[in-house]
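The values are calculated or read from the model by the stated rules, or taken from the named source; none is laboratory data. The model shown is predicted, which means the values in this text are computed figures rather than measured ones. Positions of Cβ are backbone-derived with ideal geometry, glycine not excepted, and every protein chain shown enters the neighbour counts. Protein only, heavy atoms only, side chains kept; ligands, DNA and RNA dropped before computing areas. Shrake-Rupley method; radii C 1.70, N 1.55, O 1.52, S 1.80 Å.
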Amino acid sequence: KIRQELKDMTKLRFLTTAAAIGLMTGLVASSAQATQQDVDASIVTRIAVTITKNADMDFGTVDYDVATHDALINLGTDGNITFGGAATGITSSGGTPNAGDLDVTGDGATTVDISCETGGVLEDNGVGVTTLTLQATEISVNTAGVGAAFGAGTACAGIGTAVATSDLSANPTTEILIGGQIDASAQGIGVGATYDTTTGAGDPVTVEVVYQ
């Protein structure tokens, strides 16, 4: 009887140990379970917008009467000079006036927004102390180089305010012609010299083109 009891106790210990091992094995197996998921990546690339300058604005040569000149000198996107305001004491006398000329290229598929500054400043490169205001800038887009008379272009409204668009799929090389107006009213020309936006306090007109 005692032997039987010892056998039963040994058997019980064995079963208890086996159960404990089984439970621990189950717990270990359970904690080791995992799942996986791939995370993909993508990026869209496209050719950046590029602006190529073919020509700066050139108002040509004007002759002025020191005491009486009073005029607004207009340059159309067609490259022609006209006078506004009082239009007295000043005449166009030569040079080769031309509008600013830019080419825009990019991905050949996307539409771009075009914005431009409303004016700038020209300083004389002689004495270097007098300036002329460049104002009322305007553009013509994709006109096959023809442009328009001053006042018939699209007025600029500042960088970031789009005044024109161009679909690069239809116009892979988009042309922008730029005109404007120099204020020479009330004897505004201070000296006989070449005035430009690169001298001293001069300030050019900036054009910005961005993808929509």
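Sequence-ordered 3J(HN,Hα) estimates for the range 174-181 from the Karplus curve with 6.51, -1.76 and 1.60 and θ = phi - 60° stand at 8, 9, 10, 9, 10, x, x, 9 Hz, glycine and proline given as x.
Note on residue 131: accessible area is roughly 70 Å² with a 1.4 Å probe, heavy atoms of protein only.
Among the protein heavy atoms of the chain, carbon and sulfur supply 54% of the accessible surface, probe 1.4 Å, non-protein parts ignored. The longest part of the chain holding none of the exposed loop trypsin sites (Lys or Arg not before Pro), meaning those outside H, G, I, E and B in DSSP with at most 14 other Cβ atoms within 10 Å, is 47-212.
Ordering 39, 211, 187 by the projection of their Cα atoms onto the charge dipole of the chain, which places +1 on the Cβ of Lys and Arg and -1 on the Cβ of Asp and Glu, puts 39 at the extreme positive end. The calculated P(r) of the chain, using every Cα pair and 5 Å bins from 0, goes 1, 7, 11, 14, 12, 9, 6, 4, 3, 2, 2, 1, 2, 2, 2, 2, 2, 2, 3, 2, 2, 2, 2, 2, 1, 1, 0, 0, 0 in percent. Backbone geometry of the range 115-130 corresponds, through the Karplus equation with coefficients 6.51, -1.76 and 1.60 at θ = phi - 60°, to 3J(HN,Hα) couplings of 10, 7, 5, 7, x, x, 9, 10, 10, 6, 9, x, 6, x, 10, 10 Hz, x marking Gly and Pro. Remark: the range 49-160 carries 44 Å² of accessible area per residue (probe radius 1.4 Å; ligands, DNA and RNA excluded).
Rounded to whole Å and ordered largest first, report the semi-axes of the equivalent ellipsoid of the range 47-166 derived from its Cα gyration tensor (root of 5λ).
The three semi-axes for the range 47-166 are 30, 15, 14 Å.
For residue 211, the accessible surface of its heavy atoms amounts to roughly 40 Å² (probe 1.4 Å, protein chains only, rounded to the nearest 10).
Net charge in the neighbourhood of residue 152 (other residues with Cβ under 15 Å of its Cβ; Lys, Arg +1, Asp, Glu -1) is -2. The angle between the Cα long axis of helix 2-31 and the longest principal axis of the Cα atoms of the chain comes to about 10 degrees, rounded to the nearest 10. Charging the Cβ of each Asp and Glu at -1 and of each Lys and Arg at +1, and nothing else, the dipole of the chain about its Cα centre rounds to 2640 debye.
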